[in-house]
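All remarks here apply to the structure that follows.
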Amino acid sequence: LGNHDNTRVSARNGYQYVDAYNMLLLTLKGTPTTYYGEELGMLQADISWNETKDPWGLNYGPDRYKQVSRDPERTPMQWTDGANAGFTNGPSTWLPLGKNYTSLNVK
């Protein structure tokens, strides 16, 4: 349903449908593949120009990067509601966390 190059399902179609999409995915033929965070309904992160790491987005400049940047769907997995969402013990993460990591996480 999603991958590291496309907007998250919850951002495209609404968080309320995430469970239904995952149930459908698991009933289809073949091997179901879920991009990390899709099973939780992780939302896109709002990433500023200064925080952008995606080379593709950076090529478009500060006025148009949001149209093509893939960074919002590449944010760290939200493991816990703790510091850095439990993703790292370091001082910060590579990309900013989603704003809802304290309420929506694996734990």
Starting with the fewest neighbours, write out Thr52, Thr93 ranked by other beta-carbon atoms found within 10 Å of each beta-carbon. Thr93, Thr52
Order of Thr33, Thr7 under a 10 Å beta carbon neighbour criterion, fewest first: Thr33, Thr7
So what is the calculated 222 nm ellipticity per residue for the chain, using -39500 (n - 2.57) for each DSSP H run with n of 4 or more, over all residues, to the nearest 500 deg cm²/dmol? -5000 deg cm²/dmol
Comparing Thr31, Thr88, Thr75 in a Gaussian network model of the chain (Cα, 10 Å), the one with the largest mean-square fluctuation is Thr31
Length-normalised contact order for the chain - Cα pairs under 8 Å, 6+ apart - percent: 26 percent
Candidate cut points under trypsin sites (Lys or Arg not before Pro) in the range 37-79, DSSP loop plus at most 13 other Cβ atoms within 10 Å of their own Cβ, are Lys53, Arg64
Using square roots of five times the C-alpha gyration tensor eigenvalues, list the equivalent-ellipsoid semi-axes of the chain in whole Å, biggest first. 24, 19, 11
Where a ≥ b ≥ c are the square roots of the eigenvalues of the C-alpha gyration tensor, would you call the range 28-86 rounded, which needs a/c under 1.5, or, failing that, prolate if a/b is larger than b/c, or oblate? oblate
Would you mind checking the tilt of helix 18-27 against the longest principal axis of the Cα atoms of the chain, expressed as 0 to 90 degrees and rounded to 10? 50 degrees
Among Ser69, Ser48, what is the fewest-to-most ranking by other Cβ atoms within 10 Å? Ser48, Ser69
Among the range 60-92, those whose backbone N falls under 19 Å of a label point 7 Å along Cα→Cβ from Val106 are 73-92
With r defined as the distance between the Cβ atoms of Trp49 and Met77 and R0 fixed at 25 Å, what FRET efficiency is calculated, to the nearest 0.05? 0.55
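The numbers here are math on the coordinates, done by the rules we state, and not lab data. Remember, it's a predicted structure, so these values are computed and weren't measured experimentally. Virtual Cβ from ideal backbone geometry, glycine too; neighbours counted across all protein chains shown.
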